[in-house]
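Down below is the structure, laid out as structure tokens.
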Amino acid sequence: MSTQCTHLAGADPAPIPKTPQGCEECLATGGRWLHLRLCLACGHVGCCDQSPNRHATGHFHSTTHPLIRSYEPGEDWWWCYPDELFFDVEGAVPAPSHP
């Protein structure tokens, strides 16, 4: 495990969410989620690992997009899958509110 994320190059700190109302896969299948995560490579919105389907992590495994951030209102933490690292990015805006 790294102490510093090595995958920040090319990350978009505020990508346009593909499904701003919730987890893309859960919305399509009628699933449910606890918390949402936003992919910083493509804007995919997926559910967290505490949710029944863990779509954010599934998205990482299928795409290898390395970085997500919380997509919960007011939260600003990021997670790097390959480096297994939580961190904050100075100056990054908190996650937007979603319906």
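At-a-glance table
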{"read-out": "Checking Gly91 against (1) at pLDDT below 95; (2) at negative phi, the condition it does not meet", "value": "(2)"}
{"read-out": "Conditions (1) without any contact (Cβ under 8 Å) to a residue 24 or more places away in the chain; (2) out of contact with any strand residue (DSSP E or B) (no Cβ under 9 Å at 6 or more places or on another chain); number of the one not met by Pro94", "value": "(2)"}
{"read-out": "Pair list, Cβ under 6 Å, 6 or more apart: the stretch 65-82 residue without any contact (Cβ under 8 Å) to a residue 12 or more places away in the chain, other residue buried (at least 16 other Cβ atoms within 10 Å of the Cβ)", "value": "Trp77/Ser70"}
{"read-out": "Test: Gln21 is touching a residue at least 40 places away in the same chain (Cβ under 8 Å), surrounded by fewer than 21 Cβ atoms within 10 Å (Cβ to Cβ) and over 24 Å from Glu90 (Cα atoms)", "value": "yes"}
{"read-out": "Residues within the stretch 8-33 that are in a loop (DSSP other than H, G, I, E, B) and farther than 17 Å from Trp78 by Cα, tallied", "value": "10"}
{"read-out": "Per-region count, the stretch 58-88, residues part of a strand (DSSP E or B) and polar (S, T, N, Q)", "value": "1"}
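Condition check ((1) farther than 19 Å from Ala14 by Cβ; (2) at pLDDT below 95; (3) touching a helix residue (DSSP H, G or I) at 6+ places or on another chain (Cβ under 8 Å); (4) surrounded by 18 or more Cβ atoms within 10 Å (Cβ to Cβ)) across all residues:
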residue: His35; (1), (2), (3), (4): no, no, no, no
residue: Cys47; (1), (2), (3), (4): yes, no, yes, yes
residue: Gln50; (1), (2), (3), (4): yes, no, no, no
residue: Thr57; (1), (2), (3), (4): yes, no, no, yes
residue: Pro66; (1), (2), (3), (4): no, no, yes, yes
residue: Gly74; (1), (2), (3), (4): no, yes, no, no
residue: Trp77; (1), (2), (3), (4): no, yes, no, no
residue: Leu85; (1), (2), (3), (4): yes, no, no, no
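The values are calculated or read from the model by the stated rules, or taken from the named source; none is laboratory data. Predicted, not measured: the structure shown is a model, and the values here were computed from it. Heads up, the Cβs are rebuilt from the backbone with ideal geometry, glycines too, and the neighbour counts pull from every protein chain shown.
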